[in-house]
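Worksheet: the structure to be examined is printed underneath.
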Amino acid sequence: MSLNLYKKRILTVLILFFTYFPVYAEDDDYQSQLIQKANKLELHTKRYWHLLLYYKKNWFGKYVSDADSDLFFLSKDGKKNPKTELEETIRSFFQPDNPNEQHPQCIFPARYKWLKRELQFDVSKLKENPCPRFQKWKSSLNPKGVTLVFSSYYMNAPASMFGHTLFKIDSKQNVEHELLDYGINYAANIGGETNPFSYAIRGTFGGFPGTFSIFPYYLKVNEYNDLESRDLWEYKFSLSEEESEWLVLHLWELGRTQFDYYFFDENCSYRLLHLLEAARPSLHLTEKTSFIVAPGETVKIYVSEKNLATERSYRPSLYSKIKQKLITMTEKERQLYDVILRDKKPFQEVDFQGKRRTLIVDAILDTYRYRKLAEMEDKGDQDIYRNYLLERSKMEEEYEMDDLMEITTPPEYAHSLSRAYIGGGTSSLGNFWETTYRVGYHDLLNSDKGHVPNSEVQFFNLSIRQYESDKSLKINTLDVVKLYSLSPYNSTAKLNSYSVDVGIDSVMNKKAYPNQEQDYLLLSSMQNITLLDVYGFNQFYQTKSDTTEPYKAHPVNFGAAYGYSFQDEYDKDLKPYMLSILPGVKIQYHKDFVNDIRYAPSLTMNIMASFENFKIQLLTSYFLYTISGNFNDYAANLRFRYAIHKNHEIRLEFNSQRYYKEALIAYHYLF
């Protein structure tokens, strides 16, 4: 190599070094200035920084983020250290561009925007990245506002029994076509989990990851309104365009993380409360939650916040639209509607004289659509549907109907979920007093407003009782889970009813006489046994055990039933009454039963009547325990409820079993 060429290369390196070194030195200097300024302002202690990073104090007073992905943090100890995470975030904004990765300014646009405002970035010293990928995503949403959507309760899926909330981004470009807007959802990612017990345990203790997602809103409307027949309630928020943009910026950041999902508190509704606080930091919504965060309860929080939810609208499900039409019909029109469905009559064979044929035909078309979506379609239904659809296209006459008729009531009208009551009464064992605490949620005698009518979802309902003759407090009953779904069976929707009961029951029992187990073995060995034989053996058992005294037992209990309920939902005079017939099974475990267990086929009849503040229930069940070598039993309950207020009730009960009777009056407080 010649000396001149060597000198030229040395000179080039020196020129490059002294040209660019001051730039990097200047960048490092400005970076340090910003970090010093941030520490002086103590930005790491500000509430908005904690909102963006989901920092909360643990039991030891230390900050820990709820976010569970390393990708969400730029500092190694960012999950537990707000200060180092903020400093590392500032440093990351000075990173050079990498065509293979998104720049941190683009990954965390809400952090960047907030720090830029608080520290007043000098863009001549800190280059702003154009972030084309993020900008394209944001422009597709084009937010001008945000709407809360509540999907009503769905009793056929455990995760949907409590309702669901999501956000809808109100786009500037879809003012007249809001179904084209995008929805924001937070949900548990359950993967391929199919075991119901594992599902319940993992969901209760945070075993599923929760993630945010967006989707076209019309997909959720189709899923909830049509496929699951769930009414939607929409609440428009008063967010400005700038606040809506803050929400979208933070939503983008959440695509890099997940959270532990808990069914009862840190669930779909809780995370949405936090997301809205990121849009309007003056809100303190999460602080108003209780230890159970139910979707309907969060709607109450939004609505109670001054000037937040400014407008409410109702989007009825397909089934509710059918109900609207049937309620609008006269009795003769409803009868004709039933005849058409029952006999599958073509349009040409129907006499519409004196009736609103367009109203009836529209109800018929909606019903066939509903049956197809609910997989209740019979052979030939599509031919009838096309026949009526063709004839409907030729009709010009219209009918008047209240399209805003609310079939269900909005969730903010619902009673509170937890319950405590105190009461007293008299019984076969003497006088007693009782207190009960229920974690949640709703029972058949509670007000139906804001809930699915004729339904019950109770969990961890504990009753403690003390009899006058026994000074000790004892657990009377414990409902771990108790469900009722009494959906009326009708010509429109041939729905079934069901009940499930798991917990500890309270029964009166008689100890087995000395040879009862051997007699049971004789009974079980008989062939071609009839119900008359079973009844005869029960009478035999009863005669031989008359000398033993009945006593209180508290067996582990499981019961399930499946049947039908009947109610005229469209006749104002008959609507308050419902009859349910539910055959089922009952299994109970206790050391004093024959072979420590008794099981039986059961038959339950339930009659409900509802009149404004009054509700009456007659519930009777018979259990054929003889097939397990135990005494048959029955339960009869007559209950009256008067609602002073949606959260204050007085109840009177008369309960009877084979060896026991009681009367009870109690005050119920819901909170």
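Relative to the first principal axis of the alpha-carbon coordinates of the chain, what is the inclination of helix 357-373, with its axis defined by its Cα atoms, in degrees from 0 to 90 and to the nearest 10? So the inclination is approximately 80 degrees. Take every Cα pair under 8 Å whose residues are at least 6 apart in sequence, average their separation, divide by the length of the chain, and the relative contact order is 8 percent. For the chain, the list of Cys residues with no other Cys C-beta under 4.7 Å reads Cys268. Could you tell me how many degrees, from 0 to 90 and to the nearest 10, lie between the Cα long axis of helix 82-92 and the main elongation axis, the longest principal axis, of the Cα atoms of the chain? Between the helix axis and the principal axis of the chain, the angle is about 50 degrees. When Rg/Rh (Cα atoms, Kirkwood Rh) is calculated directly from the model, which label among (1) 1.09; (2) 1.55; (3) 1.15 fits? Working out Rg/Rh (Cα atoms, Kirkwood Rh) from the coordinates points to (1).
Take every Cα pair under 8 Å whose residues are at least 6 apart in sequence, average their separation, divide by the length of the stretch 383-504, and the relative contact order is 18 percent.
Residue separation of Asp28 and Ser69 scaled by 0.36 nm, minus their Cα-Cα distance, works out to 11.9 nm of gained length.
So with the 1.4 Å probe, I'd like the accessible area per residue for the chain, rounded to whole Å².
In whole numbers, the chain has 50 Å² accessible per residue.
Each residue of the stretch 119-127 was assigned a 3J(HN,Hα) from its phi angle through the Karplus curve 6.51 cos²θ - 1.76 cosθ + 1.60 (θ = phi - 60°); the sequence is 9, 6, 3, 8, 5, 6, 9, 10, 5 Hz, with glycine and proline shown as x. Let's test the formula: R0 of 60 Å, r as the Cβ-Cβ distance of Thr426 and Tyr48. What FRET efficiency results, to the nearest 0.05? Step by step, r from the Cβ atoms, then E = 0.50.
Which length gain, in nm to one decimal place, applies between Asn307 and Asn189 when the Cα-Cα distance is subtracted from 0.36 nm times their residue separation? Numbers along the way, then the final one.
On the way: separation 118, 0.36 × 118 = 42.48 nm, distance 3.41 nm.
Working it through step by step, the gained length comes to 39.1 nm.
Residue-wise HN-Hα couplings along the stretch 449-466, as the Karplus relation 6.51 cos²θ - 1.76 cosθ + 1.60 with θ = phi - 60° gives them from phi, are 4, x, 10, 5, x, 6, 10, 8, 9, 10, 9, 6, 9, 9, 10, 10, 9, 10 Hz; Gly and Pro carry x.
Any idea what the relative contact order of the stretch 24-157 is, in percent, if you count C-alpha pairs under 8 Å spaced at least 6 apart? List each step's numbers first, then the result.
Values: 97 pairs, mean separation 25.1, N = 134.
Relative contact order, the stretch 24-157: 19 percent.
Could you compute the FRET efficiency for Ala663 and Asp403, with r as their C-beta to C-beta distance and R0 at 51 Å, rounded to 0.05? Mind showing how you got there, number by number?
On the way: r = 48 Å, r/R0 = 0.94.
The computed FRET efficiency comes out at 0.60.
Using a probe of 1.4 Å, the accessible surface attributed to Thr330 totals some 70 Å² when neighbouring protein chains are kept in position.
Sequentially through the stretch 609-619, phi angles give Karplus couplings (6.51, -1.76, 1.60; θ = phi - 60°) of 9, 10, 9, 6, 7, 9, 9, 10, 9, 10, 10 Hz, Gly and Pro residues having no value and appearing as x.
Suppose R0 equals 51 Å; then what is the FRET efficiency for Asp351 and Asn647 from their Cβ-Cβ distance, rounded to the nearest 0.05? Provide the component values of the computation, followed by the final result.
Values: r = 52 Å, r/R0 = 1.02.
My answer for the efficiency is 0.45.
The values are calculated or read from the model by the stated rules, or taken from the named source; none is laboratory data. Treat the numbers as computed from the prediction; the structure is a model and nothing was measured. Every residue, glycine among them, receives a Cβ derived from its backbone with ideal geometry; neighbour counts consider all protein chains shown. These area figures cover heavy atoms from the full protein model, side chains too; ligands, DNA and RNA do not enter into them. Shrake-Rupley method; radii C 1.70, N 1.55, O 1.52, S 1.80 Å.
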